[in-house]
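Working notes, structure below.
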Amino acid sequence: MGKRVARGVRSNENLAGWLFVAPVVVILGLFLLLPILMALWVSLTDWNGQGSPFTGRVPFVGADNYTRLFAEEGLARRDFMTSLRNNAYYVAIVVPTQTALALGLALVVNNRMLRGRGFFRTAFYFPSVTSSVAISVVFLFLFANAGAVNALLGLLGIRGPQWFADSRGVLHLLLGAVGVDAPPAALAAGGPFGLSWWDWLSGPSVAMISIITLVVWTTSGTFMLMFLAALQNVPVALDEASTLDGAGRWQRFRHVTLPMIKPTTFLVLTLGLIGSWQVFDQVYVMSQGEPAKTTLTPAYLSYRTAFRDFDYGSGAAISFVLFLIIIALTLLQRRLMADREPAAPRRGRWWRRRVPEGG
Amino acid sequence: MAVLTDRPAAPAPPARPRRARDRAARTLASRLVGYAILVFFALVFLYPFVIQIGNSLKTEPDAAANPLSPIPDPLSLAGFERIFAGTAFPLWLGNSLLVTVLVTLGRVFFDSLAGYALARLRFRGRAGLFAAVVAVLAVPGVVLLIPKFLVLNQLGMYDSYAGLVVPLLADAAGVFIMKQFFESIPVSVEEAARIDGASVFRTFWSVVLPMAKPALITLTILSFQGSWNEFPHSLVAVQDPDLFTLPRGLADLVSGSLGKGTQYPLKLGAALLATIPVAVLFVIFQRYFVRDANDGADKG
């Protein structure tokens, strides 16, 4: 009975449903799906931005743009590999640092004995909602040669570097501190993809460190909120029981809290991984890939190749490789989360649940 | 009464009160450490903004000489005067307002429509469509820079307000938020309206949407904040300086026309003005931003 009524009422829903979703379908289709297909085509051509890339006059070059990134000796491969190296070091520092900082802040803010937690939570989160460009301007000033960071270091008796002019890698600097200034013969040449082993092992440059600082500073607040939500779902009774059993603070954290917030930790780590392969705004505003290309990242390189060098084919090819990297990380995340979620209580809020059914 | 309470204390071994005292001392110490950490990080997270405000009100030599000090000496409004007299700031502001208002209205309306359809209406292809929305959620924005430029170019929307606004009018995350919310509303209310003869749209508009106020506010805030701060899209959608939004103008101010290392009061002031609307929104609707944690606290 109920069902039949429902069907009668729902008879016109097919049309209404499609009308309701039509604007979103058109916009996302036109500006998300179609562009990907068009860019895939352009990445197989030599289009220089003149006229339309979809006429017969644009030379089709097949996989050339891709092979130049990976297989052929030359500037294209060198720049691309440099950008991958830079971004890999960036990820290797940003992801663990922001995760640890976010968790640490969440633990402190979650402490029931402290007052004013609301204020501090808000203070830590505030940088996350502001404009990346506006914040980059502030950090340019903070890290200027005679800027606040160097003034602060000066108070501690340290002479700060010229942050945005310093292309030295921090691993090279550390090796220099123990007397290894030039590459050992074995590392001077012959590394994979046209960069020497010594170049691969540079570490992030001093300039990149300032961008890393900025990003950790802006993202920790968001992830802190995720950890906080998870911590508040840890049953108090569990904590109290383990205290009665004589567990110390560290033991409780290690054996009670940490296992309970494992799904959130995975989420934060993988979202961090996905996000940090996309760093763009900060590089554009603060360094434009300089000095000596040590802040070049694939996202910025793809933009620069297309819109500054008018080599849209190569730029699109770089985007696609980056796309594959990020999609691989996203799939990894969904796989991991799908495996872990049933084990833990799913009590995230509805708009934070990034992994919906079937995901 | 007094006898009763005194009694157990008297025979107790002296170790006990001392242990209690130790515990109290340890609690106090850990609280102090806790506050020290909180205050330190509050400084780390807020002091850059203090420096920004302070230095935007300084003279150039003062900003260069005392970057760490928050107090301008002498106080100077020259930076702000030059923002309005010497840059296209008012134009960028106008463009940003226009884009943000249109994008926010569009997203709230279109995302709710689609979210409602995906949550409630039975139509063919719904499951596939929802899967597509979820897939689209995973498409990273920065790899779309060249692709978006290609489409805008082909559609003749490059270098126009339409190019700035239309591609942002809907977003998969918003659809997802609205769908999840509509699913949490009891079906009975709308079925009553439908049986009374209300059309699908009318039911949506007059019955369901008013019930979705919390989700609508959340989506409005997210959309406002997102489109106000949006940078890469404006980078590939327009080239004409008359169409620059605030982030774009700001980036141009820093890396382009003024070059590096000079005019910090002006740059910091412009960045400050660009931050204020979002900061105000954040302070007013703070609980919507940090809702997660609050809700958890109520339950926990």
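The values are calculated or read from the model by the stated rules, or taken from the named source; none is laboratory data. A quick note: this is a predicted structure, and the numbers were derived from the prediction, not measured. Note that we place each Cβ from the backbone using ideal geometry, even for glycine, and neighbour counts take in every protein chain shown. Ligands, DNA and RNA are excluded from the accessible area calculation, which covers all protein heavy atoms including side chains. Shrake-Rupley method; radii C 1.70, N 1.55, O 1.52, S 1.80 Å.
Structural descriptor for chain A: relative contact order 25 percent, calculated from alpha carbon pairs under 8 angstrom and at least 6 residues apart. Taking every protein chain into account, the 1.4 Å probe leaves A:His172 with about 40 Å² of accessible area, to the nearest ten.
Note on chain B: with a GNM built from Cα contacts shorter than 10 Å, the maximum mean-square fluctuation among B:Ala193, B:Ala29, B:Ala85 falls on B:Ala29.
Between B:Asp242, B:Asp62, B:Asp22, where does the largest GNM mean-square fluctuation fall for chain B, given springs only between Cα atoms within less than 10 Å? Fluctuation is largest for B:Asp22.
Spacing of the modelled spin labels on B:Phe40 and A:Trp41, each 7 Å from Cα toward Cβ, amounts to 5.8 nm.
A simple count of charges around B:Gln52, restricted to other residues whose Cβ falls under 12 Å of its Cβ and scoring Lys, Arg +1 and Asp, Glu -1, yields +2. Equivalent-ellipsoid semi-axes for chain A (Cα gyration tensor, √(5λ), whole Å, largest first): 39, 36, 19.
So if each residue of separation counts as 0.36 nm, and I subtract the Cα-Cα distance between A:Val178 and A:Phe266, what length gain in nm does that give? My answer for the length gained is 28.0 nm.
Note: relative contact order over chain B, using C-alpha pairs below 8 Å and six or more positions apart, is 27 percent. Computed from backbone phi with θ = phi - 60° and the Karplus coefficients 6.51, -1.76 and 1.60, the 3J(HN,Hα) list for the stretch A:227-238 is 4, 4, 4, 5, 5, 6, 8, 6, x, 4, 4, 4 Hz; x is used for glycine and proline.
To put it simply, the accessible area of the protein assembly as shown at a 1.4 Å probe is 65 percent carbon and sulfur. Between B:Phe84 and A:Asn48, the distance separating the two model label sites (each 7 Å from Cα on the Cα→Cβ line) works out to 4.8 nm. Report the residue, chosen from A:Pro96, A:Pro183, A:Pro127, that carries the largest GNM mean-square fluctuation when chain A is represented by alpha-carbon nodes joined by springs under 10 Å. Result: A:Pro183 has the largest fluctuation of those listed.
Of A:Met286, B:Met211, the order by accessible heavy-atom surface (1.4 Å probe, DNA, RNA and ligands excluded), from most exposed downward, is B:Met211, A:Met286. Accessible area per residue was computed with a 1.4 Å probe on protein heavy atoms; B:Trp92 scores about 20 Å². Considering only alpha-carbon pairs that sit under 8 angstrom and 6 or more positions apart, the relative contact order computed for the stretch A:193-284 is 33 percent. Accessible surface for the protein assembly as shown, divided over its residues, is 45 Å² per residue with a 1.4 Å probe. In this structure, the amide hydrogen of A:Thr45, modeled 1.01 Å from its nitrogen in the peptide plane, lies closer than 5 angstrom to those of A:Val61, counting only residues at least 5 positions away or on a different chain. Taking 17 Å as the cut-off, the amide N atoms of the stretch B:172-191 that come nearer than this to a point 7 Å along the Cα-to-beta-carbon line of B:Met211 belong to B:178-191. Taken over chain B, lysine pairs spaced eight or more positions apart, or on distinct chains, with alpha carbons under 24 Å apart number 5.
Extension gain, A:Leu19 to A:Ile158, is 43.6 nm, computed as 0.36 nm per intervening residue step minus the present C-alpha separation. Scalar couplings 3J(HN,Hα) for the stretch B:275-287, obtained by applying the Karplus form with A = 6.51, B = -1.76, C = 1.60 to θ = phi - 60°, are 7, 4, x, 5, 5, 4, 4, 5, 5, 5, 9, 3, 5 Hz; x denotes Gly and Pro. The length gained on full extension between B:Tyr47 and B:Thr262, counted as 0.36 nm times the residue separation minus their Cα-Cα distance, comes to 75.2 nm.
Only aspartates and glutamates eight or more places from A:Lys293 in sequence, or on another chain, were considered; those with a Cα closer than 14 Å are A:Asp79, A:Asp166, A:Asp199. In the context of the full protein assembly, B:Thr59 retains an accessible surface of approximately 40 Å², using a probe radius of 1.4 Å and ignoring ligands and nucleic acids.
With every protein chain in place and a 1.4 angstrom probe, the accessible-area ranking of A:Phe31, B:Phe109, largest first, reads B:Phe109, A:Phe31.
Report the accessible surface area buried between chains A and B, summing both sides, using a 1.4 Å probe on protein heavy atoms only, in Å² rounded to the nearest 100. Adding both sides of the contact gives about 9700 Å².
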